[in-house]
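Just below is one structure, and these are the notes that go with it.
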Amino acid sequence: MPLVRPASLLSSLTTLRLGGRAAVEFRLDNEEELDACGRQIDSCGLPVHVLGGGSNILAWDGELPLLLVRPNFRNGPEILREEGSKVTVRVGATVRLPYLLARCAAWGLSGLEGLVGIPGTVGGAVAMNAGSYGCETAPLLHSLRIWSPGVGLKNISAEQWEFAYRYFGLRKIEEYFFILSASFCLTRASSDGIRKTMRLNYFKKKSTQPLLAWSAGCAFKNPSPELAAGKLLDEAGFKGKRLGGMAFSPIHANFLVNEGKGSASAAFDLLGQAREAVQRRNGIGLHLEIKVLPCS
Ligand SMILES: Cc1cc2nc3c(=O)[nH]c(=O)nc-3n(C[C@H](O)[C@H](O)[C@H](O)COP(=O)(O)OP(=O)(O)OC[C@H]3O[C@@H](n4cnc5c(N)ncnc54)[C@H](O)[C@@H]3O)c2cc1C
């Protein structure tokens with residue numbers, strides 16, 4: 001299993017373009033390396049973090065006490081099975097989500113249209129239960145191929161996982177796990193109809209979110225389906241608020257943006273100020289949606 005030395009700068013691997021270097025970084029290219037990878041991880045004794053497309057990550061600056069694993073499983077997508085209008089599609093975890101959506105549109109497979117505009121990989125979308133426009137990743141999953149220490153390589157299905165809003169977990173597995181591939185259960189439909197829905201969703205998104213800025217998407221989770229974190233941040237005066245090269249976007253108050261010269265410490269200061277203001281004003285504690293590296 002290739003050890004990357006020196007580890008890559010997380011600022012070059014994340015869409016927020018912030019962050020220093022992990023103490024150790026491994027590339028994981030095939031299933032045969034998994035057991036050896038697990039043994040090396042044990043011997044390092046560092047917390048493990050799996051990195052997908054880095055589009056939901058806020059990493060601290062400097063030398064980071066963590067072991068970064070970068071899987072490289074780019075197989076598929078491929079159609080596994082078709083029964084009536086139901087179609088099962090399998091895809092490697094490192095395949096980009098937008099590429100999967102493009103293939104689905106071309107093949108006339110409906111289900112994932114709401115996820116248009118979400119960057120990152122299939123593995124990251126599953127691990128985050130990414131979603132938008134009423135479409136979430138987890139309910140469309142048919143099965144997963146995973147590896148975890150103690151369990152090894154395993155194909156699992158819906159009884160073995162649990163999910164909620166921006167949460168996905170494996171039952172009975174308390175250690176870290178790598179998603180190697182995912183199979184989705186989709187429905188036959190016309191390519192033209194799917195493309196039309198994707199286009200509409202994309203234009204709606206583009207007009208309300210800074211899709212091209214350096215960001216990690218929404219910084220905070222919505223406190224409830226009826227109450228958007230962006231609305232609370234806007235009302236507390238944080239829309240467009242800037243600090244040390246970081247800002248809450250003037251287009252969408254919940255998007256924390258690196259304006260070019262931002263730093264992780266400025267990002268945390270700004271997030272802390274916003275959280276305090278909303279707590280004071282509304283009595284609501286906001287929780288981060290983005291994943292912090294290393295996690296505290
Ligand atoms: C412009 C923009 C718009 C966005 N819009 C949305 C949106 O509408 N809805 C939404 O839900 N999110 C959105 N996001 C956030 C982000 O794109 C999603 O959470 C995405 O699914 C993360 O995928 P990733 O591959 O980049 O994962 P990463 O950011 O690399 O990792 C995210 C989490 O997934 C885990 N992970 C990644 N790969 C694996 C794997 N193979 N095995 C196990 N765990 C893994 C990581 O350990 C980490 O905990 C947006 C982000 C941006 C920048």
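Can you name the residue in region 234-251 that is more than 22 Å from ALA59 (Cα to Cα) and within 16 Å of the ligand (Cβ to nearest atom) and, of all such residues, is surrounded by the fewest Cβ atoms within 10 Å (Cβ to Cβ)? That would be PRO250. The single condition among (1) within 18 Å of LEU144 (Cα to Cα); (2) out of contact with any helix residue (DSSP H, G or I) (no Cβ under 9 Å at 6 or more places or on another chain) that LEU46 does not satisfy is (1).
Go through region 105-143 and give me each residue that's of a type in the set (Asp, Glu) and open to solvent by 30 Å² or more (accessible area, probe 1.4 Å).
If we filter region 105-143 for residues that are of a type in the set (Asp, Glu), which is where we start, we get 113, 136.
Correct list: GLU136 only.
Let me confirm something: among THR88, THR94, which residue is part of a loop (DSSP other than H, G, I, E, B) and of a type in the set (S, T, N, Q)? Even if it seems obvious, please write down each step before you answer.
Details: THR88 fails: part of a loop (DSSP other than H, G, I, E, B).
Every option except THR94 fails the conditions.
Scanning region 258-296 for residues that are at pLDDT below 95 and of a type in the set (A, V, I, L, M, F, W, C) turns up just one, CYS295. Restricting the first member to region 96-107 and to residues that are under 19 Å from LEU200 (Cβ atoms), and the second to residues that are more than 16 Å from the ligand (Cβ to nearest atom) and part of a helix (DSSP H, G or I), the beta-carbon pairs closer than 6 Å and six or more apart or on different chains are ALA105/SER191; ALA105/ILE194; ALA105/ARG195.
Say whether the condition of being part of a helix (DSSP H, G or I) and in contact with a Gly (Cβ under 9 Å, 6 or more places away or on another chain) is met by at least one residue in region 288-296.
Within region 288-296, the first condition is being part of a helix (DSSP H, G or I), and the residues that meet it are none.
No: zero hits.
Have a look at ARG103, ARG81 and point out the one that is among the charged types (D, E, K, R), more than 12 Å from the ligand (Cβ to nearest atom) and assigned to a strand (DSSP E or B).
Working: ARG103 fails: assigned to a strand (DSSP E or B).
None of the others qualify; the one that does is ARG81.
On the stretch given as region 205-224, residues that are more than 17 Å from the chain's Cα centre (by Cα) and without any contact (Cβ under 8 Å) to a residue 40 or more places away in the chain total 2.
Among the conditions (1) out of contact with any Leu (no Cβ under 7 Å at 6 or more places or on another chain); (2) crowded, with 16+ Cβ neighbours inside 10 Å; (3) part of a helix (DSSP H, G or I), the only one that SER265 does not satisfy is (2).
Annotation for region 139-148: no member residue is small (Gly, Ala, Ser), free of Cβ contacts under 8 Å to residues at least 24 places away in the same chain and either outside any strand (DSSP E or B) or out of contact with any strand residue (DSSP E or B) (no Cβ under 6 Å at 6 or more places or on another chain) (or both). Considering only residues of region 37-59 that are open to solvent by 10 Å² or more (accessible area, probe 1.4 Å) and part of a strand (DSSP E or B), which is farthest from the ligand (Cβ to nearest atom)? Selected residue: VAL48.
The values are calculated or read from the model by the stated rules, or taken from the named source; none is laboratory data. If you're wondering where the values come from, they're calculated on a predicted model, not measured in any experiment. All Cβ positions, glycine included, derive from the backbone under ideal geometry; neighbour counts span all protein chains shown. For accessibility, only protein heavy atoms count, side chains too; no ligands or nucleic acids. Shrake-Rupley method; radii C 1.70, N 1.55, O 1.52, S 1.80 Å.
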